[in-house]
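Asker: Sharing a structure, written as structure tokens. Questions coming.
The values are calculated or read from the model by the stated rules, or taken from the named source; none is laboratory data. All of these numbers come straight from a predicted model, not from anything done at the bench. Note: ideal-geometry Cβ built from the backbone for every residue, glycine included; neighbour counts use all protein chains shown. Accessible surface areas use protein heavy atoms only, side chains included; no ligands, DNA or RNA. Shrake-Rupley method; radii C 1.70, N 1.55, O 1.52, S 1.80 Å.
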Amino acid sequence: MLGTAASGATIPTTTAHAASTIRRAFHSNPFNSLSSSHHSILCARFRCLSLRSFTAVSTKAMSHPQTLDAPHPQSSAAGNKQALISLSDKKDLALLGNGLQELGYTIVSTGGTASALENAGVSVTKVEQLTCFPEMLDGRVKTLHPNIHGGILARRDQKHHMEALNKHGIGTFDVVVVNLYPFYDKVTSVGGIAFDNGIENIDIGGPAMIRAAAKNHKDVLVVVDSQDYPALLEFLKGSQDDQQFRRKLAWKAFEHVASYDSAVSEWLWKQTVGDKFPPSLTVPLSLKSSLRYGENPHQKAAFYVDKSLSEVNAGGIATAIQHHGKEMSYNNYLDADAAWNCVSEFRNPTCVVVKHTNPCGVASRDDILEAYRLAVKADPVSAFGGIVAFNIEVDEALAKEIREFRSPTDGETRMFYEIVVAPKYTEKGLEILRGKSKTLRILEAKKNEKGKLSLRQVGGGWLAQDSDDLTPEDIQFNVVSEKKPQDNELCDAEFAWLCVKHVKSNAIVIAKDNRMLGMGSGQPNRLESLRIALRKAGDEVKGAALASDAFFPFAWKDAVEEACESGIGVIAEPGGSIRDGDAVDCCNKYGVSLLLTNVRHFKH
């Protein structure tokens, strides 16, 4: 024990001097071999020495005075390289531990990670042996200690930092490898998670160590991804330092923590207020692929997946599986998304053909082969080189039809598509489609869930809104004309109305017998969109239904009258114009049914 020497002589020393001696006692007597009483006494003495300054200590000799060793704080400067490892996901841990040990690193670890390393044959110093403090509060406190964070945060080029470590007997860490509690997986698991359980899965010590190491990346290598273990070990084998490598790891560490905190924030917001539009919004994006270029060849581009909790298992083209074909391009993603969103709205077997994000052909039939032919027939010129989407499985028969179908324009040219999208494929169906073209992209996607938050960027900001999820079943088609629509006419109006919500404004769709006959899109005035749709519909317009995404500002000698004169049988529009009365009068004059939905479908 510490006391007064028999000879009365004292030996000058420092806190680090005594702390180092006691630490060595710990290393020679691990906790698991100490009784609880010895553990408490030794830790109490060590904490006293680490935190309280004193000028001299004496040792009591049995037969002669003994001199304490010079201080030996564990530090890389003294040739003792240390790595701190604390992992929830222990993938490739043995590779990392053995690799570091072979390079001469002393490995410090915690709990389950330490046990896993020992099972892999790696020598481990447990965190408690450095902190002289046991894990407590059900694991909430184990690494939050100056002996840990001091060793991470100390700058090696600052003399007073190193003197402080030496004074308190704290060693430095050269490598910190940490990943976090699986909060994301827990709160998105099937059946959800209890609130208290979610709170316990919020990591505290892990982010603290990651941020500390990333801040001090000039001296400490921080790793949060098991995929970086080989690069880390290779780097440590080299003789030259690379600050860019260190900075990249630091960036990845901060990004890792930021994404983690974003998930916690999103989850807690939903547990409290739950409003879809919080005062502050963070959207965690993960790079899925670098693209050849953007909308145009001179624009660089990349594709990111939204890792928000709300997007987990929520479907959409971003998580589609690509079975075949060239890599997806920027425009491919936009067009595939438009086609998939449109076809997913229909209950009956349906085919949708899209070109430049607009549906140019839509048809629903019990026979999906017939639906496919009719969808192409609506605008075969636009369909060539487009995207074709189905809301049912693509089997052998459908795949053969897609492969062999000739353009209705000449009956000879085999139809070419950029992408085929469907919810699933039979094995034979996939085999046949793969044989159509080496470049044909074949996507398998899951239907988008309703209620998603829709985001759109403008210069310097983002617009957020509810997704437009309304279907004909959700609204009323109110008859305001003298002529009441027949049941088949009402069905045609509902079909046209469901199509027009996916067409760029100003949008007009003409449909009959559950198929699109023609559409006009993206025109600055509604009259011009109408004329384009009428031209595409041709003679089949007689008795067809017309849907408009917004009200008609004028009726006489304008869009409503031209539609009536062309032979349209029923018109569906939102209403809301000060001239709605003129539209009613016009339809009554020509014997056309007019339905007001009170729902607008602008799409910009």
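Asker: Ignoring ligands and nucleic acids, what accessible area does Asp395 show with a 1.4 Å probe (Å², nearest 10)?
Answerer: 60
Asker: Also: Where a Cα-Cα gap under 24 Å defines reach, which lysines qualify for Lys483, not counting those fewer than 8 residues away within the same chain?
Answerer: Qualifying lysines at Cα under 24 Å: Lys512, Lys542, Lys557, Lys589.
Asker: If you don't mind, another one. Which distance in Å, rounded to a whole number, links the C-alpha centroids of segment 546-597 and segment 240-312?
Answerer: Result: 47 Å between the Cα centres.
Asker: A further question follows. So for segment 378-448, what percent of the C-alpha to C-alpha distances run longer than 21 Å?
Answerer: 21
Asker: Please report, in cubic angstrom per residue, the volume enclosed by the convex hull of the alpha-carbon atoms of segment 510-581.
Answerer: Hull volume over Cα atoms, normalised by residue count, gives 82 Å³.
Asker: Continuing with the same structure: So for segment 308-387, Kirkwood radius off the Cα pairs, Stokes-Einstein at 10 °C and 1.306 mPa s: how many µm² s⁻¹? List each step's numbers first, then the result.
Answerer: Numbers: Rh = 13.5 Å.
Answer, rounded: 117 µm²/s.
Asker: Give me the accessible area of Lys270, 1.4 Å probe, in Å² rounded to the nearest 10.
Answerer: Taking all protein chains as shown, Lys270 has close to 100 Å².
Asker: Rg and Dmax of segment 463-521, Cα atoms, in Å?
Answerer: Taking only Cα atoms of segment 463-521, I get Rg and Dmax of 12.9, 42 Å.
Asker: Oh, and also: Sorted from largest to smallest, which semi-axis lengths in Å does the alpha carbon gyration tensor of the chain give for its equivalent ellipsoid, taking the root of 5 times each eigenvalue?
Answerer: 72, 25, 19
Asker: Before I look further, what does the chain give for accessible area per residue, probe 1.4 Å, in whole square angstrom? Spell out each step's value before the answer.
Answerer: On the way: 29790 Å² over 604 residues.
Here the residues of the chain average 49 Å² of exposed surface.
Asker: Same structure, new question: Could you give me D for segment 317-444, from Stokes-Einstein at 10 °C and 1.306 mPa s, where the hydrodynamic radius is the Kirkwood radius over C-alpha pairs? Units µm² s⁻¹, please.
Answerer: Using the Kirkwood radius from Cα pairs, D works out to 113 µm²/s.
Asker: Whole percent per 10 Å bin, from 0 to the bin with the longest distance: what is P(r) over all C-alpha pairs of segment 82-271?
Answerer: 9, 35, 37, 16, 3, 0
Asker: Aspartates and glutamates near Lys186 by alpha-carbon distance under 16 Å, same-chain residues fewer than 8 away left out - which ones?
Answerer: Straight-distance partners of Lys186: Asp89, Asp196, Glu200, Asp203, Asp261, Glu266, Glu311.
Asker: For segment 472-596, report the % of Cα-Cα distances exceeding 24 Å.
Answerer: So the portion of pairs separated by more than 24 Å is 12 percent.
Asker: Also, quick follow-up: In debye, nearest 20, what is the charge dipole magnitude of the chain about its Cα centre with +1 on Lys and Arg Cβ and -1 on Asp and Glu Cβ, if you could check?
Answerer: 2540
Asker: OK, next. Within segment 203-339, how many Lys pairs sit with Cα atoms under 19 Å apart, leaving out pairs fewer than 8 places apart on the same chain?
Answerer: Lysine pairs satisfying the spacing and distance rule in segment 203-339 number 15.
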